[in-house]
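Scroll down for the structure; my scribbles are underneath it.
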Amino acid sequence: MTAPRIEPARLAPHALLTRYYGSEDERQRFVRELFDTTAVDYDRVERMLALGSGAWYRRQALQRAGLAAGMRVVDVGTGTGLLAREALSVIGAHGALTGVDPSAGMMAQAHLAGVELLNGCAEALPCADAAADFVSMGYALRHLSDLDRALAEFHRVLRPGGRLLMLEITRPAGRLATALLKSYMRALVPLAARIVTRRGATATLWRYYWDTIEACIAPAQVLDAMRRAGFADASRHVELRIFSEYTASKTGPCERVEPSPVTNRAAFGAEDR
Ligand SMILES: C[S@@+](CC[C@H](N)C(=O)[O-])C[C@H]1O[C@@H](n2cnc3c(N)ncnc32)[C@H](O)[C@@H]1O
């Protein structure tokens, strides 16, 4: 399926990284192709390096954010399903999970039973209004085109009282900690990934991973964007100085920034579900 084109950003999580691409169109294509090409290696490298945080951490974060048995979950940027798998173990047989991702290659590696996987993106979710009790997004925030629009979509698909969790890696405070993390993530991880997978693109993915962390907007801006979207109790919990858990709930009908026109919405309407 052709991936949607997202209109120019209002709140891009980071500026264009010109060493990789020269325009927003190119960025979207680059990211999709990078994940498509490296999807077969993603889980292996992620597990080996544990910096995407392991299954245990993901499950704990979901429970801290209020995920419980029987809930209906929309997992955005579901990729190979690492966060979705943990969500399934929490919601159990009476829950339901829909995964959404623009990379068909990543989702092809998500071998999850009883899950609905939809090609789409955070900025134009292929989901009905108020269809979810819980929206999760693991380590995809840095890849969005427009955080405001994505948050407006999360707000739309959550039922009143529903919960949002966004996991992301953020730069630690302090120059020394940042320098240490940078050497690990920008040098060691790509080298190890290259040796283990023998794929140059996989090394590029993990180098790009750090570059987006370094260029990403500050946590305070993410929290502001959550409030602008209508979430009332936006907060950030940090583990080990780098694992940020942004949580909030939809409290009911309230003021929010109207999303800019989404031209690709029709491509991901109810008929695709
Ligand atoms: C680092 S992977 C994370 C996968 C999984 N959530 C996890 O916890 O490991 C990021 C995923 O975000 C997806 N992605 C990129 N742009 C996106 C967008 N605009 N909307 C939703 N997902 C996006 C990528 O295709 C990729 O599968």
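Structure data summary
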{"quantity": "Within the chain: Cβ-based charge dipole about Cα centre, in debye rounded to nearest 20 (Lys, Arg +1; Asp, Glu -1)", "calculated": "800 debye"}
{"quantity": "Sum of side-chain charges, L82 neighbourhood, beta-carbon under 11 Å (Lys, Arg +1; Asp, Glu -1)", "calculated": "0"}
{"quantity": "Three-way shape call for the chain based on the alpha-carbon gyration tensor, with the a/c threshold at 1.5", "calculated": "rounded"}
{"quantity": "Listed residues A218, I242, T18: farthest to the positive end of the dipole of the chain (Cβ charges)", "calculated": "I242"}
{"quantity": "Furthest towards positive pole of dipole, L164, Y42, L144, structure part the chain, Cβ charges", "calculated": "Y42"}
{"quantity": "Kirkwood hydrodynamic radius of the stretch 180-238, from inverse mean 1/r over distinct Cα pairs, in Å", "calculated": "13.4 Å"}
{"quantity": "Relative contact order, percent, the stretch 60-184 [alpha-carbon distance under 8 Å, six or more residues apart]", "calculated": "25 percent"}
{"quantity": "Cα gyration tensor category, rounded, prolate or oblate, for the stretch 1-141 with a/c compared to 1.5", "calculated": "prolate"}
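Read the figures in this text as sums done on the coordinates, not as results from a lab. Quick caveat: nothing in here was measured; it's all calculated off a predicted structure. Every residue, glycine as well, gets a Cβ built from its backbone with ideal geometry; the counts of neighbours run over all protein chains shown.
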